[in-house]
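Novice: Before I ask anything, let me first share the structure, which is written out below as structure tokens.
The values are calculated or read from the model by the stated rules, or taken from the named source; none is laboratory data. This structure is a prediction, so every number in the text was calculated from the model and none was measured. Note that each Cβ is placed from the backbone with ideal geometry, even for glycine, and that neighbours are counted across all protein chains shown. Side chains are part of the model used for accessible areas, which takes the heavy atoms of the whole protein and leaves out ligands, DNA and RNA. Shrake-Rupley method; radii C 1.70, N 1.55, O 1.52, S 1.80 Å.
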Amino acid sequence: MRLTSKSVALIPIIATVVTAAIGATLIAPPAASAATTLGAAAQQSGRYFGTAVAAGRLGDSTYVGILNREFDMVTAENEMKMDATEPQQGRFSYGNADRIVNQARTQGKRIRGHALAWHSQQPGWMQSMSGSALRNAMLNHVTQVATYYRGKIYAWDVVNEAFADGSSGGRRDSNLQRTGNDWIEAAFRAARAADPGAKLCYNDYNTDDWSHAKTQGVYRMVQDFKSRGVPIDCVGFQSHFNAQSPVPSNYQTTLQNFANLGVDVQITELDIEGSGSSQASNYDRVTRACLAVARCTGITVWGIRDTDSWRASGTPLLFDGNGNKKAAYTSVLNALNSADPGTTTTTTTTTTTTTTSNDPGPGGCTASVSLNQWNGGFVATIKVTAGSSALSGWRVTTTLSNGTVTGSWSASGSGTSGTINWSNVDYNGNVPAGQSTEFGFQGSGSGAGLNPSCTAS
Ligand code: XIL
């Protein structure tokens, strides 16, 4: 058949780009070109290395010098918390947080947002609230703060520390918990709607030991969220370690088991009390545990110098009070530089981005897939983009010939294999003209050839 210009225009343009192949660590350079800063060393395996930053120290030139040189991710230590950003109800205050954000952005660093909803460091007005008034105030806070920083945050700690310590494996009692067990998923949905581009994390401490009830409780929640399509992308492990709470021997197992649920894992507030070679070897273990887990996307330490730490007496950080590198610094740097496919990667991962573009025109939409595959499983993230007019609902069709969906998020699917129709859920059907939203699914087998196509509904 001879193709007329009209029929050519109707053929979808399919572009397939293989963006990374055979393990995230393949691009690590040989040891001869070892990186000399934490951020650059982490980037060799596609990861980041961050620190908590206090706005009050941005005038300290030693502090800022180390910050600018070493780190490529920043978390506000206190300045984005609820008491700082909404000191009076409905009156938002971003001055100190913006100082940190602007400093990071002018230096080309990314930002982790910490934290949208938490039982601690609440403003006084919120501490005395309860019931639906508190639920609404919390959701408004999440919406306002995430909207204010939309597009600037790599990952938000949407909910912090919601599980109880000890053997219960259940939720911590708090005013937020007493508004109903669904407060966490409500917060995640509000955050997704406000900033669809940010990764949304659940963050906690004492969740590092796989055998602990608290770890299991958080794991079950994430598993449940994934199975019901609650939008969660990552789990943060604070990892504040000391003699009472040492680095567990099964730390890497914990990170891997969470990652296997189809979320990224991040070490979000690392500090390890101690000194000398024992501290250095603990830092080495933690760093290598992250490097060994493909979906461990980065490490953040909770401060720069020992004297900047919330636990200063335990000298838990990588620089001493004078800003000198400690043995712990060198062990982290060496571990990051050692990342190579031979020692850290046991599975083969291929990321493929396929874009199908058929010029949707007004009312239409396009869908593209980012596929993370390994031997026996895959995670597909599908981006739905509105055409030149807004969508009020969408449907994406995928083809899964050699795999089976085991869980999905932010869309409901008509089945688990073959041709699957995915429809928006209640919070992501409205997509402004030219804007995007994402959903995803994980599965066993192969996710190759999904070939998504989108229609407005
Ligand atoms: C800490 C800060 O480092 C201190 O400056 C502040 O006084 C209390 O909070 N878990 C968290 C962090 O998620 O926000 C906490 O940060 C440390 C424990």
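Novice: Taking helices (runs of 4 or more DSSP H) that do not extend beyond the stretch 1-81, which have at least 1 residues that are at pLDDT 95 or above and not aliphatic (A, V, I, L, M)?
Specialist: Passing ranges, in order: 38-43, 61-70.
Novice: Would you check which residues across the stretch 272-319 are within 16 Å of the ligand (Cβ to nearest atom) and within 21 Å of F258 (Cβ to Cβ) and list them?
Specialist: Scanning the stretch 272-319 gives I272, I299, T300, V301, W302.
Novice: Which residues, counting only those in the stretch 173-195, are open to solvent by less than 50 Å² (accessible area, probe 1.4 Å) and outside any helix (DSSP H, G or I)?
Specialist: Selection gives S174, N175, L176, G180, D195.
Novice: Could you please let me know if G429 is modelled with pLDDT of 85 or more, on the phi < 0 side of the Ramachandran plot and surrounded by fewer than 21 Cβ atoms within 10 Å (Cβ to Cβ)?
Specialist: So G429 passes the test.
Novice: Also, quick follow-up: Of G229, G166, G170, G180, which residue is closer than 30 Å to D284 by Cα and away from the ligand (no atom under 16 Å from the Cβ)?
Specialist: G166
Novice: In this structure, is L291 touching a residue at least 40 places away in the same chain (Cβ under 8 Å) and open to solvent by less than 10 Å² (accessible area, probe 1.4 Å)? Before the answer, list the steps.
Specialist: On the way: touching a residue at least 40 places away in the same chain (Cβ under 8 Å): yes; open to solvent by less than 10 Å² (accessible area, probe 1.4 Å): yes.
So L291 fits the description; yes.
Novice: In the list G415, G447, which residue meets the criterion of being modelled with pLDDT of 90 or more and buried (at least 21 other Cβ atoms within 10 Å of the Cβ)?
Specialist: G447
Novice: Quick check, is E269 away from the ligand (no atom under 13 Å from the Cβ) and either farther than 30 Å from V405 by Cβ or open to solvent by 10 Å² or more (accessible area, probe 1.4 Å) (or both)?
Specialist: Details: away from the ligand (no atom under 13 Å from the Cβ): no; either farther than 30 Å from V405 by Cβ or open to solvent by 10 Å² or more (accessible area, probe 1.4 Å) (or both): yes.
Judged against the criteria, E269 is not a match.
Novice: In the stretch 51-72, what residues are open to solvent by 50 Å² or more (accessible area, probe 1.4 Å) and within 11 Å of L38 (Cβ to Cβ)?
Specialist: Matches in the stretch 51-72: R69 only.
Novice: I've got another one for you. Q121 versus (1) within 20 Å of R91 (Cα to Cα); (2) buried (at least 16 other Cβ atoms within 10 Å of the Cβ); (3) touching a helix residue (DSSP H, G or I) at 6+ places or on another chain (Cβ under 8 Å): which is the lone unmet condition?
Specialist: Only one criterion in (1) within 20 Å of R91 (Cα to Cα); (2) buried (at least 16 other Cβ atoms within 10 Å of the Cβ); (3) touching a helix residue (DSSP H, G or I) at 6+ places or on another chain (Cβ under 8 Å) is unmet by Q121, namely (2).
Novice: Among the residues of the stretch 88-128, write down those that are in a loop (DSSP other than H, G, I, E, B) and within 16 Å of the ligand (Cβ to nearest atom).
Specialist: Residues of the stretch 88-128 that are in a loop (DSSP other than H, G, I, E, B), as a first pass: 89-90, 92-94, 107-109, 119-123, 128.
Those that are in a loop (DSSP other than H, G, I, E, B) and within 16 Å of the ligand (Cβ to nearest atom): H119, S120, Q121, Q122, P123.
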